[in-house]
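The values are calculated or read from the model by the stated rules, or taken from the named source; none is laboratory data. Bear in mind the structure is a predicted one, so any value in this text is a computation, not a measurement. Virtual Cβ from ideal backbone geometry, glycine too; neighbours counted across all protein chains shown. Each accessible area value is taken on the protein alone, full model and side chains, heavy atoms only, with ligands, DNA and RNA left out. Shrake-Rupley method; radii C 1.70, N 1.55, O 1.52, S 1.80 Å.
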Amino acid sequence: MDLKLIKSNKCVQTSDLDVFLLFDDKNIDLGCETLNLLKSEFDAKASKIEKIKVLKENKFNNILLVGMGKESELDLETVKNIGGDITRACKKENVSSISIRNFDDISLEENQVEALAEGLLLGNYEFNKYKTDKKDSKLNTINLHTDKDINKNIENGKLLAEATIIARELINEPANVLYPKTLANKVVELGKEYGFETEIYGKEKIEDLNMKSFLSVAKGSSKEPKFIVMRYKGNPQSDDKLGLVGKGLTYDSGGYSIKPTSGMVDMKGDMGGAGAVIGAMCAIAKAKLNKNVIAVVAACENLISGKAYKPGDIINSMGGKTIEVTNTDAEGRLTLIDAVYYIIHNENVNSVVDVATLTGAAVVALGTVASAIVTNDDNLYNKVEIAANLSTEKIWRMPVFDEYKKILKGKEADLNNSPGRDGGCITAGLFIGEFVGETPWVHIDIAGTSGSSKDSGYKSKGATGECARTLYNLAKLY
Ligand code: BES
Ligand code: ZN
Ligand code: ZN
């Protein structure tokens, strides 16, 4: 879908459907008596949308009145949700273009313009490619009527929406279609399209690298694991590199510690972290940021077979620490420790951010509202917090007292991959922390935020693409 800027002209009807935005606490002149009358009847609370017909030159025109709530209370998340709701409402109207007519009258700030663009585009996304009876909406153009110079903000909004949609598309794809090899192929294609380097390691190279922990998880599947490396060098003069790691379980059955069916159906989405880092890399490269960013994904499936790893196994890792596997469903951390160790020691990054649908405990703690953070570095954390705020993605920092670290100790090996329910989100994060040494590191657990059970505002049912925008913003200010 295209978002176009056109010169404002209050009188001329330029598309199939005119949209007017209204504040609850501000009187906006809609330029004609009839509209102003209708407006006075309309309760402009945020995301309230009403369709009305007005008679113009002997014919009825449809218009949508859209409430924005109180101008004094307008925050970026609300703007984004309103954008999503507008697109969703218009898709139902069987029109190919809409016009937001009084855009200049509501005088949005620059970041609000960006958020509106983002919301309008994200609200258009739905994962319906496998429905054979789908009625695709005709809507293909949103015209923003403006005389202001807001092109830069609109482009930035488009870029962030694009990164998010790339993530959503990958995450929503079912596991019989998207598995390590097809994910890797997709990343190679995206690298060519957006302008970052890619390298894919197959099983042999992963063995050579000694990624024993990652391989233990991958063993149960007949699908070969792939270690996906993405490199973007926007500042070749500098040695500074930001490292991004995404959990890439293209499917998580739990393995021998098998999940119930209800917990398994959504586990094609256990690569939400991978989606986020891949989406972010596309935006970073497209924007030609003058930063160096490396991203990796250890992609595999966690399944059951005669070759699978088992509860009670003692395994090794690239970092050399041994692990007793007390639960094969705590597999994410086992793939991530080799990925973070690799990106620190083989790609020489200066900081690492990992993003993972890691624990049910994060969902218990924070619900689907916020992602949980575990970190060893205030400075890097502060940057992630700024980036998340810019993206209106909510994060919450967990405490990392030494008592939690003690819980990780194994009985017969150095570490235990599943030391119990208590503080499960923190201990999972700290398990990864055992492999980062002194390198500044932030872990983001998106188990609760990566998926949505329904369409709502700019979020669509299924994958949300959480953290693609935060990681892009982080790279920008890194
Ligand atoms: N992929 C899951 C976590 C998850 C749960 C993501 C719900 C999204 C929604 C992860 O691999 C897992 O199964 N974690 C276990 C860990 C436990 C065995 C220590 C969990 O959270 O139950
Ligand atoms: Zn699991
Ligand atoms: Zn998992």
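Here are a few things to note about the model shown:
- Annotation for the stretch 243-250: no member residue is at pLDDT 95 or above, open to solvent by 10 Å² or more (accessible area, probe 1.4 Å) and within 16 Å of ligand 2 (Cβ to nearest atom).
- Candidate set: the stretch 300-322, residues that are assigned to a strand (DSSP E or B) and away from ligand 2 (no atom under 15 Å from the Cβ); chosen: the one surrounded by the most Cβ atoms within 10 Å (Cβ to Cβ): ILE315
- Residue list for the stretch 327-346, restricted to those being within 13 Å of ligand 2 (Cβ to nearest atom) and not small (Gly, Ala, Ser): ASN327, THR328, ASP329, GLU331, ARG333, LEU334, THR335, LEU336
- Of all the numbered requirements in (1) within 11 Å of ligand 1 (Cβ to nearest atom); (2) closer than 30 Å to LYS192 by Cβ, CYS282 misses one, and that requirement is (1).
- Residues in the stretch 214-227 that are part of a loop (DSSP other than H, G, I, E, B), more than 12 Å from LEU183 (Cβ to Cβ) and not hydroxyl-bearing (Ser, Thr, Tyr) were compared, and the one that is farthest from ligand 1 (Cβ to nearest atom) is LYS219.
- Residue list for the stretch 409-451, filter: over 29 Å from the mean Cα position of the chain (by Cα) and of a type in the set (A, V, I, L, M): ALA413, LEU415
- Among the residues of the stretch 304-325, just one is among the hydroxyl-bearing types (Ser, Thr, Tyr) and closer than 14 Å to SER418 by Cα, namely THR322.
- The set of residues in the stretch 375-394 being touching a Phe, Trp or Tyr at 6+ places or on another chain (Cβ under 9 Å) and within 14 Å of HIS443 (Cβ to Cβ) consists of THR375, ASN376, ASP377, LEU380.
- ILE432 in contact (Cβ under 8 Å) with a residue 12 or more places away in the chain and either away from ligand 1 (no atom under 16 Å from the Cβ) or within 27 Å of TYR251 (Cβ to Cβ) (or both): yes
- Residues of the stretch 251-267 satisfying the condition of being hydrophobic (A, V, I, L, M, F, W, C), free of Cβ contacts under 8 Å to residues at least 60 places away in the same chain and within 11 Å of ligand 3 (Cβ to nearest atom): MET264
- Odd one out for THR427, checked against (1) of a type in the set (S, T, N, Q); (2) under 30 Å from ASN292 (Cα atoms); (3) open to solvent by less than 10 Å² (accessible area, probe 1.4 Å): (2)
Okay, residues lined up against (1) open to solvent by less than 60 Å² (accessible area, probe 1.4 Å); (2) out of contact with any helix residue (DSSP H, G or I) (no Cβ under 6 Å at 6 or more places or on another chain); (3) within 16 Å of ligand 2 (Cβ to nearest atom); (4) of a type in the set (Gly, Ala, Ser):
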| position | (1), (2), (3), (4) |
| --- | --- |
| PHE227 | yes, no, no, no |
| LYS233 | no, yes, no, no |
| PRO236 | no, yes, no, no |
| LYS259 | yes, yes, yes, no |
| MET267 | yes, yes, yes, no |
| ALA276 | yes, no, no, yes |
| LYS291 | yes, no, no, no |
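- Inclusion of VAL364 among residues that are surrounded by fewer than 24 Cβ atoms within 10 Å (Cβ to Cβ), within 12 Å of ligand 1 (Cβ to nearest atom) and not basic (Lys, Arg) is warranted.
- Tally, over the stretch 228-283, of residues that are in a helix (DSSP H, G or I) and over 20 Å from SER351 (Cβ atoms): 10
- For the stretch 383-423, a residue qualifies if it is within 16 Å of ligand 1 (Cβ to nearest atom) and closer than 30 Å to ASN111 by Cα, and exactly one does: MET398.
- If you go through the stretch 133-184 and keep only what is of a type in the set (S, T, N, Q), part of a helix (DSSP H, G or I) and touching a strand residue (DSSP E or B) at 6+ places or on another chain (Cβ under 6 Å), you end up with just ASN172.
- Only listed residue being surrounded by 13 or more Cβ atoms within 10 Å (Cβ to Cβ) and within 33 Å of the chain's Cα centre (by Cα), chosen from LEU38, LEU30, LEU17: LEU17
- If you filter the stretch 323-348 down to residues that are of a type in the set (Asp, Glu) and open to solvent by less than 10 Å² (accessible area, probe 1.4 Å), you find that the one that is nearest to ligand 3 (Cβ to nearest atom) is GLU331.
- Which numbered condition THR464 fails, given (1) open to solvent by less than 10 Å² (accessible area, probe 1.4 Å); (2) out of contact with any strand residue (DSSP E or B) (no Cβ under 9 Å at 6 or more places or on another chain); (3) under 25 Å from ALA46 (Cα atoms): (2)
- Qualifying residue in the stretch 383-402 (condition: farther than 30 Å from SER453 by Cβ, free of Cβ contacts under 8 Å to residues at least 24 places away in the same chain and surrounded by fewer than 19 Cβ atoms within 10 Å (Cβ to Cβ)): yes
- Condition check for LEU64: among the hydrophobic types (A, V, I, L, M, F, W, C) and assigned to a loop (DSSP other than H, G, I, E, B): no
- Some residue of the stretch 388-401 being of a type in the set (Gly, Ala, Ser) and out of contact with any strand residue (DSSP E or B) (no Cβ under 9 Å at 6 or more places or on another chain): yes
- Taking the criterion of being buried (at least 19 other Cβ atoms within 10 Å of the Cβ) and more than 16 Å from LEU390 (Cα to Cα), the only residue of the stretch 147-161 that qualifies is ILE150.
- Scan of the stretch 236-250 for residues that are within 14 Å of ligand 3 (Cβ to nearest atom) and among the polar types (S, T, N, Q), ordered by number: THR250
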